[in-house]
Amino acid sequence: MCGIVGFLMRDPHATPPRERLERMTDCMRNRGPDERGTWIDGPIGFGHRRLSIIDLSTGQQPMHDPRRARVLTYNGEIYNFRALRDALPAQTRAQLRTTSDTEILLQLADFDSLGWLERLNGMFAFALWDPASRRLLLARDRLGVKPLYYVDTGEAFVFASEIKPLLMHPGVTRRVNESRLAEFLAFRSVAGDETLFAGIRQVAPGHAVLLEPDEYRPRFVRFWREGADTPESDYPAPGRDHTERFIEILKDAVRHRLVADVPVGTYNSGGLDSSLVTALARSLKPGELHTFSVGFDEASHDESHYADLVSKRFGTTHHTLRIDKRTYAKHLEETALHLEEPINHPHTVQLLLLSRLARQHVKVVLTGEGSDEVFGGYPRYNIVRLARMARLLPDGSARLLARAMSRTGSRRIVKLSESLGRDETALAIDNARFVPRADLARLSVPATHPAAREAIYRDQSMRAPGDAVDRLLHYEQRTYLSSLLTRLDKTSMAASIEARVPFLDYRLVEWSYRLGSQLKIRAFANKWLVKSGARAWLPKEIVQRRKVGFDVPIGAWMRDADALAPRLELLRDATFRQRGRFDARAVAMLLDEHESRRADHSEVLWGLLGVELWERLFIDAATCRT
């Protein structure tokens, strides 16, 4: 797990300035505090910060292949690298100089065919240079666990694991991508390859980018075929029933992610997914196993007792981090700085602090991320079925029902009422919207569906088999999940710790595409298959409990002078008003209504506060601060 950076000059006679490359590399020191390496050859330059996880004594980067003279800078872990190494020709194996996954990746690499990328089971983002053909290849793992950003300045093609190094390049101007602000406010993420920085994009998950000497214009290639040509028998445990097979595939994914030359633990919130990962890890890992959770003083949001229950069941060394409102508020700006975008979800702050606690004991953690998006865990997925049932009502009855539901004040019920009568694409897109349309309208923000999300849904609809629920899950894996993975990567790497996600092993994800939605959501019981498999492993209190999430009492803290209320004053000051991005009078009214408890506007206020903090840190400021 590391941080990579580099740039390719379009002028073949130009050379990347070494000092600039080194400063951009060191801007990501938190991603790799163990070692730093840089390399320049003609128009190409690579930088690397290393967090040593496997092969601690060798495996330094950028790594050279002496046989083909190729150079690699790589971020991630290839979990099946030992099996891939064993499959290499004997002569090639005899010439290996390290026991690292980096060298295996370097040996497998091929510019003319990208099929070898599908042999990799892992999370990765890398850049590979071939001096003979003067070609540059970039690639990002199937689900986008590891980030990879780039910007084309005209003079150079620049890329990095984070955005901060890109902002240090003199060819990059700090500007807001204003066309996507409304989308971020509504959905807490930007879909597709754009970011909130104008001109800065990201390599799409499951894609590679090839730059060739003819002007070095990037060519994008989708390498992940999502298991379309994979026989059913290639997935683990063929012949078992669905529940047994789910557990066997997940268990094998956990086994792969326990491979490390450093201590490994788990994030265990006490929820179903992280508890199941912990149980499977314990079955595979004797000896000491550290687990980590967060607790709050507010009983309504404190799940630490469930985490304690799981820890006692499996004999782990458990650590609970208790976070109060003052600690939370104190680390808000720092979290935004590491995230490099407005803080999408309030619990991102505790993820950062939890990572720092974990780093005191381990260097790698396994998490339960991805289960909800793959197996249908969110209650909002039921809206698709409810809306379909509502279509059977006469038009007049449906309108009356929608009007009555919209007055309840419940965010979920209001969202359902707004979804009645909409087509499948609009319903799927609206399903992940956090801010009510009425609040967006008050801000004079258009509530139209972003074209990028519509394009993604149409594309995934052609790929995803099954019904509307299956298509929705497929779509959310390419939109909502991407934002969660970026958050997980940046909060963990801010503490120099590697987070691994067994539920996103590509074999489990591809196998899930072959299942009907009734195995994921049955009679409105979410994540049915996961719960079915977990019953043999976890206490019933964990399996049967209502989904709570990793939430924060954000609405109450926004009214508290010792918590977030002072931060909301940013939405009243001159700097915010002068930007003119939102209707300042409407924002003031939203603040007054929320603070006086006449309404709960925490969703839209959180988004507005996040955007304003982000602009002050990244647009108004001009340095890389780590």
Q. HN-Hα J couplings of region 251-256 from phi, Karplus 6.51/-1.76/1.60, θ = phi - 60°, integer Hz, Gly and Pro as x?
A. 4, 5, 5, 5, 4, 4
**Q.** Amide proton proximity set for Leu321, modelled H, under 5 Å, gap of 5+
**A.** Ser293, Val294, Gly295
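Just order 151-164, 13-26, 225-238, 113-126 by mean Cβ neighbour count inside 10 Å, highest at the front, would you? Kindly include the intermediate steps, with their values, before the conclusion.
On the way: 151-164: 21.7, 13-26: 16.3, 225-238: 12.9, 113-126: 19.0.
Averaged packing, sorted descending, gives the order 151-164, 113-126, 13-26, 225-238.
Averaged per residue, what accessible area in Å² does region 125-240 show with a 1.4 Å probe, protein chains only? Each step should come with its number before you reach the end.
Working: 4070 Å² over 116 residues.
Computed with neighbouring chains in place, this is 35 Å² per residue.
Computed from the mean reciprocal separation of all distinct C-alpha pairs, what Kirkwood hydrodynamic radius does the chain have, in Å? Could you put the intermediate results ahead of the total?
Details: mean 1/r = 0.0395 Å⁻¹.
Radius from the Kirkwood sum: 25.3 Å.
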Q. Taking a 27 Å limit on the Cα-Cα distance, which of the listed pairs Lys330/Lys490; Lys146/Lys540; Lys285/Lys312 fall beyond it?
A. Lys146/Lys540
Q: Would you kindly compute the Cα radius of gyration of region 481-626 and its largest Cα-Cα separation (Dmax), both in Å?
A: 21.1, 59
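Mind checking the full-extension length gain between Lys285 and Asp467? Use 0.36 nm per residue of separation minus the Cα-Cα distance, one decimal, nm. Each step should come with its number before you reach the end.
Details: separation 182, 0.36 × 182 = 65.52 nm, distance 3.90 nm.
Extra length available between Lys285 and Asp467 comes to 61.6 nm.
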(Q) Taking θ = phi - 60°, what integer Hz values does the Karplus form 6.51 cos²θ - 1.76 cosθ + 1.60 yield along region 210-219, in sequence order, with x for Gly and Pro? (A) 10, 10, 10, x, 6, 6, 6, 7, x, 10
Q: Between the alpha-carbon centers of region 552-626 and region 429-461, tell me the distance in whole angstrom.
A: 21
(Q) Please compute the contact order of region 254-325 in relative form: average sequence separation of alpha-carbon pairs under 8 Å and at least six residues apart, divided by the residue count, as a percent. (A) 33
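Compute the relative contact order of the chain as a whole-number percentage, counting only Cα pairs closer than 8 Å that sit 6 or more residues apart in sequence.
On the way: 1095 pairs, mean separation 95.1, N = 626.
Across the chain, relative contact order equals 15 percent.
Can you send over the carbon and sulfur percentage of the accessible area for the chain, probe radius 1.4 Å, protein chains only?
Details: 11350 of 23180 Å².
Exposed carbon and sulfur together represent 49 percent of the surface.
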Q | Average accessible surface area per residue within region 249-368, 1.4 Å rolling probe, Å² | A | 32
Q | Electrostatic dipole magnitude of the chain [Cβ: Lys, Arg +1; Asp, Glu -1; Cα centre; debye, to 20] | A | 980
(Q) With every protein chain kept in place and ligands, DNA and RNA left out, what is the accessible area per residue of region 17-76? Probe 1.4 Å, answer in Å². (A) 35
Q) How many angstrom lie between the C-alpha centres of region 23-50 and region 248-295? A) 31
**Q.** For Thr153, residues with placed amide H under 5 Å, excluding near neighbours
**A.** Val158
Q) Counting alpha carbon pairs within less than 8 Å and at least 6 residues apart, what relative contact order, in whole percent, applies to region 112-185? A) 18
Q: Return the sequence-ordered ³J(HN,Hα) values of region 27-34 in whole Hz as given by the Karplus equation 6.51 cos²θ - 1.76 cosθ + 1.60 applied to θ = phi - 60°, using x for Gly and Pro.
A: 5, 10, 4, 4, 6, x, x, 7
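The values are calculated or read from the model by the stated rules, or taken from the named source; none is laboratory data. What you are looking at is a predicted structure, and each value in this text was computed from that prediction instead of being measured. Every residue, glycine among them, receives a Cβ derived from its backbone with ideal geometry; neighbour counts consider all protein chains shown. Side chains included, ligands, DNA and RNA excluded: accessible areas come from the protein's heavy atoms. Shrake-Rupley method; radii C 1.70, N 1.55, O 1.52, S 1.80 Å.
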